[in-house]
Amino acid sequence: DYDKRSDRDSEAGSDWKSLEVFIDGPYGAPAVDIFESEHAVLIAAGIGVTPYASILQTIVHKYQMTNQKCPECGHRWVPPENSGSFKIKKVDFFWINRDQHSFEWFLKLMTQLEIDAREITIGDDPDASFLDLHMYMTSALRKSDVKAVGLQMALELMHEKSNKDVITGLKARTKAGRPDWKEVFTELNKKRKGKVTVFFCGSPILAKVINTYCNKFGFRFKAEKF
């Protein structure tokens, strides 16, 4: 039984070698490839954001640990000894939700990520952020809808004045309606930050749409089972 096994293990303990155990994760199967990507695009629909919560934190932390920053001018560079330890050059995170309430549980983490990512730029361009956040609320009408013109204009003015999104409180503006995937993928392709890999977690129907565009643009596609 357990007690007898424990006694035997204790007696034999002097013959065992001590082991160091390292734990990382947990990550879903497709997510393990994120750290091997050059331009990682993470797309989450609704609660599909769950596996990306810890991954986004880890990405930003690893980037900060890998890069060095000059205290005088703020320039960042990667020392030769760290050049092969972190491959990610750019991260775009898309989160699609139905309403404002759906954003709430993840906002504290998103706010901190936005603050941390604000200090990280690509190369010498102060506007080239390492991490870009893209939020979409599908229940809101697009600006192109006549019924929503006034509301969208008001939201834009408030965002310009306070530099914060009214819906989430983030600096990243929440877009109304569903993403225009053709436009999204065209913009991703223009960034030229290395080979693009798209990671998706959400409904199978949306996964097929995303996969179709990945094939058109030559992006790799990895889907988390949902």
**Asked** outside any helix (DSSP H, G or I) and either open to solvent by 60 Å² or more (accessible area, probe 1.4 Å) or modelled with pLDDT of 95 or more (or both), is that true of Lys161?
**Response** no
**Item:** Residue tally, condition surrounded by fewer than 18 Cβ atoms within 10 Å (Cβ to Cβ) and of a type in the set (S, T, N, Q), over region 171-192
**Value:** 2
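Name the residues in region 193-220 that are aromatic (Phe, Trp, Tyr) and either under 17 Å from Trp95 (Cα atoms) or loosely packed, with under 13 Cβ neighbours inside 10 Å (or both), would you?
Phe199, Phe200
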**Request:** Look through region 37-60, keep the residues that are in contact with a strand residue (DSSP E or B) (Cβ under 8 Å, 6 or more places away or on another chain) and more than 16 Å from Ala207 (Cβ to Cβ), and return whichever of them is surrounded by the fewest Cβ atoms within 10 Å (Cβ to Cβ).
**Result:** Glu38
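The values are calculated or read from the model by the stated rules, or taken from the named source; none is laboratory data. Since we're looking at a predicted model, the values are computed, not measured. Here Cβ is always computed from backbone atoms with ideal geometry, including for glycine, and neighbour counts include all displayed protein chains. Please note that ligands, DNA and RNA were not included when accessible areas were found on the heavy atoms of the full protein model with its side chains. Shrake-Rupley method; radii C 1.70, N 1.55, O 1.52, S 1.80 Å.
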